[in-house]
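Enquirer: Structure incoming, see below.
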Amino acid sequence: MADKCDLCLLGLIILSSLLTGTSGVNVFISSGENVSLSCNNALSDCKSTTWIYYRLIFLAGVELITLGIKNKDTERHERLSLKPDCSLNIKNVTEEDYGLYTCRQYVNGQKQGPDADVFLHVLHVSVSPSSSSSSSSSSSQTEISPGRSVTLSCQLYSFAGFSCDHWVSSVGVELLWVNQAGVDLKTDSRYQISSSSDQYRCIITLTTTLLNEDDNREWRCQLTHRNQVKTSVRYTVKYSAQADSTTAVNPSTQVIVISVAADAVLLLALLWLICRKRADNKRGTGDSAVKDENDHKGTYETCPFLPLQEPMIMMIQ
């Protein structure tokens with residue numbers, strides 16, 4: 001039921017809605033959250049409600065809900081649901097969910113009244129793959145280590161595809177990297193912050209070299225509209241367990257181990273000398289018969305002092 005000609009007016013509708021707020025509703029949301037898109041033209045029940053999704057890459061809109069029934073042929077149908085007031089609920093929003101959502105009413109096949117348009121803008125943060133042991137991810141925590149350079153990319157996905165400068169100058173929407181106290185990190189020379197744009201995104205990146213004290217430090221990509229915070233994405237530095245568990249041997253521990261080993265060697269040597277002395281004395285006082293008998297034999301003496309499992313037998317020459 002979606003009209004292909006609707007795409008011709010989308011650019012003007014988006015710009016008008018952003019500048020005046022009178023045609024369509026703008027919703028800013030962070031990836032990973034749930035969102036509910038209002039249907040302001042709903043009739044008495046949702047059996048007449050159709051939700052249509054537009055992206056510039058589509059030649060026509062995609063019907064997500066048709067006359068109150070969810071279309072199960074769409075890839076994300078499991079994350080979609082229709083609320084009792086005909087609002088469209090989207091669970092676990094991803095950056096791929098940005099775009100224009102139109103709530104339209106049909107009765108007996110005839111379109112009823114004006115459309116209710118909702119523009120969904122999605123804020124998403126990813127970490128550069130080269131900055132982490134894991135792949136690029138929107139997770140708020142990534143295993144990284146001190147001494148490495150990390151680059152965080154904060155991206156605002158929008159159907160409008162405005163540049164960052166246009167968002168600021170014409171719409172009053174701005175992206176900022178701030179610390180836990182809400183201070184703009186542009187004021188700290190330790191961080192390199194830059195912005196860029198492509199067809200669908202305004203991108204602001206933060207690059208810094210991690211310090212030991214950055215473990216569990218939080219940075220936020222914050223979206224403001226006319227100086228009011230609309231949404232933000234938190235990123236928490238979490239050093240890898242391997243980096244945390246890699247510890248050097250304590251020098252004092254090494255000294256203790258060496259000292260104990262040296263004492264043990266000295267003790268064994270002392271005991272051996274005592275046993276040897278006892279054996280020599282015994283040989284010197286033996287009778288001549290025994291001496292003659294042992295001229296060509298060794299005399300054996302048990303040394304009970306050495307800490308072995310069996311008494312140590314020492315041969316007397």
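Enquirer: Keeping the other protein chains in place, figure out the carbon and sulfur percent of the accessible area of region 137-227, with a 1.4 Å probe.
Expert: 41 percent
Enquirer: Go through VAL183, VAL62, VAL127 and list them by solvent-accessible area, largest first, probe radius 1.4 Å.
Expert: The ordering from most to least exposed comes out as VAL183, VAL62, VAL127.
Enquirer: Once you've got the Cα coordinates, tell me which of LYS47/LYS230; LYS72/LYS111; LYS70/LYS230; LYS186/LYS230; LYS111/LYS230 are over 27 Å apart.
Expert: Those over the limit are LYS47/LYS230; LYS70/LYS230; LYS111/LYS230.
Enquirer: I'd like the distance between the alpha-carbon centres of region 50-92 and region 180-223, rounded to an integer number of Å.
Expert: Going from one Cα centre to the other spans 34 Å.
Enquirer: Add +1 for every Lys or Arg and -1 for every Asp or Glu among the other residues with Cβ under 13 Å from the Cβ of CYS202, and state the total.
Expert: That sum, taken over residues with Cβ under 13 Å, equals -3.
Enquirer: PRE reach from SER163 (point 7 Å along Cα→Cβ): which of region 182-205 fall under 17 Å by backbone N?
Expert: 194-205
Enquirer: On to the next question. Of all chymotrypsin sites (Phe, Trp or Tyr not before Pro) in region 57-114, which ones are in loop regions per DSSP and have a Cβ with at most 16 other Cβ atoms within 10 Å?
Expert: PHE58
Enquirer: Taking 0.36 nm per residue of sequence separation and subtracting the Cα-Cα distance, how much length would be gained by fully extending the chain between ILE69 and GLN112, in nm to one decimal?
Expert: Gain on stretching ILE69 to GLN112: 13.7 nm.
The values are calculated or read from the model by the stated rules, or taken from the named source; none is laboratory data. These numbers come from a predicted model, not from an experiment. Cβ sites come from the backbone with ideal geometry, for glycine too, and all protein chains shown count toward neighbours. What goes into the accessible areas is simple: the full protein's heavy atoms, side chains included, and nothing from ligands, DNA or RNA. Shrake-Rupley method; radii C 1.70, N 1.55, O 1.52, S 1.80 Å.
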